[in-house]
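Have a look at the structure below before the remarks.
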Amino acid sequence: MQRPSNLPAQRASKEGRSAPRWVEWLVGLLILGIVLALLLPTMQAQREGPRRPSCGNMLKQIALSMHNYHDVYGCFPPAYIADEAGRPLHSWRVLLLPYMEEKPLYDKYRFDEPWDGPHNQKLASAIINAYSGAADHSGPKDTETDYVAIVGPGTLWPGERSLAISDIPDGTANVIAVVEVRHSGIHWMEPRDLHILQMAPTINAPHGQGISSEHKGGANVAFANAAVRLLPESTPADVLRSWINIDDDTLNDPSSP
């Protein structure tokens, strides 16, 4: 008959042990938060990882196509083909089509009208994978190129004049040919690129035109020897300028154009 008198004490002891369960929940949530915080950068890196080599492969394909063009014509393609008034009509990207397994499309293109003429506009919806980039696009952005040349005086692409390998004093391994530019706004057929006098001499500049990408910490470029490198954002401006220029001697020559 005395045993029931112990029940309240037992019940109290059980209720006293229920409080640590809230602590266990809080500890569990804290651990889960820490695990997610540690995994998130890894998951982002896994998504970025395949994209970076893919961009590099596309640049490699473009650069090799330039060399195939050089094998046939003895020079790299010009930045553009112009009319008698010097107005750019056709892009180097169009000239490379036969060397990028796009000969049928090239055969449909007409050089007797501008790139945006009535006939050529019928080809404007064509998507060239090597020009559209590795980032996910939708709608009209599929025809926007992520890869452009750096054009202008002293570059590998001086304009409508073509350069041969023998015209590069610094050597093909030291001169940039094609670069990434995120959200370029340039249709792959359009004879427009990144002008040396209008670009920021940095990688992933926060404002203005320049070499840029969706990659964290840098952007890919293809050199004239078809080597592809990821240039970090810490690349010094003078180093970048030397790689863009085909002749470093002219950088220190006040009389050079």
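Could you say which residue among ASP112, ASP71 is in a helix (DSSP H, G or I) and without any contact (Cβ under 8 Å) to a residue 24 or more places away in the chain?
ASP71
Given the criteria at pLDDT 95 or above, farther than 25 Å from ASN68 by Cβ and among the polar types (S, T, N, Q), does GLN198 qualify?
Against the criterion (at pLDDT 95 or above, farther than 25 Å from ASN68 by Cβ and among the polar types (S, T, N, Q)), GLN198 does not qualify.
Within region 107-124, is there a residue that is touching an Asp or Glu at 6+ places or on another chain (Cβ under 7 Å) and closer than 23 Å to ALA227 by Cα?
no
Scan region 65-75 and tell me whether some residue there is closer than 29 Å to ILE203 by Cα and among the β-branched types (Val, Ile, Thr).
Within region 65-75, none of the residues are closer than 29 Å to ILE203 by Cα and among the β-branched types (Val, Ile, Thr).
Condition first: surrounded by fewer than 17 Cβ atoms within 10 Å (Cβ to Cβ) and basic (Lys, Arg). Now tell me which residues in region 189-225 satisfy that.
The one that is surrounded by fewer than 17 Cβ atoms within 10 Å (Cβ to Cβ) and basic (Lys, Arg): LYS216.
Answer yes if at least one residue in region 241-251 is among the basic types (Lys, Arg) and more than 30 Å from HIS119 (Cβ to Cβ), and no otherwise.
Looking through region 241-251, at least one residue is among the basic types (Lys, Arg) and more than 30 Å from HIS119 (Cβ to Cβ).
Quick one: is GLU190 charged (D, E, K, R) and within 18 Å of ALA63 (Cα to Cα)?
Spelling it out, it is not the case that GLU190 is charged (D, E, K, R) and within 18 Å of ALA63 (Cα to Cα).
The values are calculated or read from the model by the stated rules, or taken from the named source; none is laboratory data. Owing to the predicted nature of the structure, the values given are computational and were not obtained by experimental measurement. Methodologically, a virtual Cβ is constructed for each residue, glycine included, from the backbone with ideal geometry; neighbour enumeration extends over all protein chains shown.
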